[in-house]
Amino acid sequence: MAGPMKLDDKDRIIITMYAEDPDISQEKIAARLNMTQPSVAARVAALRKEGGLEKQLGVNPIKMGMYLAKVEASCTAPRDVLKKMRGCPYFAHGFTASGRRNLFMLFFSESITTLESIVDCHLRSDPSVSEVDLDLLITSEKDFVIPIRMKPDLCDGAPCGIEHSCYECSSFKEEKCLGCPATGQYRGNVLGRAVASAREPGSARQ
């Protein structure tokens, strides 16, 4: 792993000003630093290239009234699990970590039972995963933004790789889980519309 990038005071001020106002103009930054705008632009470009300055757009799930779940687990293949869950429409972020709980993930949904179903069906059932804990995050001190696809592209199989469809899952049948938006088997109101495609094949459209 490379060492931390080297920053000077002007870099730190630029990063701070963008953190306080992501839409701030480079002209305002230049006036604060007594620099020319092209000089500021060059520093901003260098910071972005090295990862010292990032801008991310998306949704704030807590502000939107959705539930945000923190999932910690012990896992013998944490990278494989993250790769599997990365395409899940409910997946917000994931990390590998040191220590016994070496897998950390964030999921969001408008339904608590959907979050519980994801953990039960996709994580607790994974032979490489053990000691799974799910906690709901209630508040955040700063804005937490997730770059999500509000209407995922439909695909033939679930992105997580699970072989059975939602229609075969007891959680979906018992209306505990809203289903997978990526396969069209979804009956919620946030990630796309609750349309006839979320009904069992062969059922009458209304």
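The values are calculated or read from the model by the stated rules, or taken from the named source; none is laboratory data. Fair warning: this is a prediction, and the values are worked out from it, not measured in the lab. Positions of Cβ are backbone-derived with ideal geometry, glycine not excepted, and every protein chain shown enters the neighbour counts. All accessible areas refer to the heavy atoms of the entire protein, side chains included, with ligands and DNA or RNA removed. Shrake-Rupley method; radii C 1.70, N 1.55, O 1.52, S 1.80 Å.
Results, tabulated for the structure shown:
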quantity	calculated
Under 27 Å from the Cα of LYS6 - lysines, other chains or at least 8 residues apart	LYS28, LYS49, LYS55, LYS142
Solvent-accessible area per residue, Å², over the chain with all protein chains present [probe radius 1.4 Å]	63
Long-range amide H partners of LEU137 with built H, under 5 Å	LEU68, ALA69, LYS70
P(r) histogram, all alpha-carbon pairs of the chain included - 10 Å bins from 0, percent	7, 28, 27, 20, 13, 5, 1
Rule-of-thumb Rg ratio for the range 83-184 [Cα; 2.2 N^0.38 Å; N residues]	1.09
The range 1-55, accessible surface, carbon-and-sulfur percent (1.4 angstrom probe)	52
Dipole moment magnitude, nearest 20 debye, the chain about Cα centre, only Lys, Arg, Asp, Glu C-beta charged	460
Selected from VAL132, PRO22, PRO147, residue furthest toward positive end of dipole (the chain; charges at beta carbon)	PRO22
Residues ALA31 and THR76, FRET efficiency given R0 of 41 Å [Cβ-Cβ distance, rounded to 0.05]	0.15
Estimated FRET transfer efficiency when R0 is 22 angstrom, pair GLU141-ASP23 (beta carbons, to 0.05)	0.55
Alpha-carbon Debye profile of the range 15-96, log10 I(q)/I(0) at 0.11, 0.21, 0.22 Å⁻¹	-0.53, -0.99, -1.03
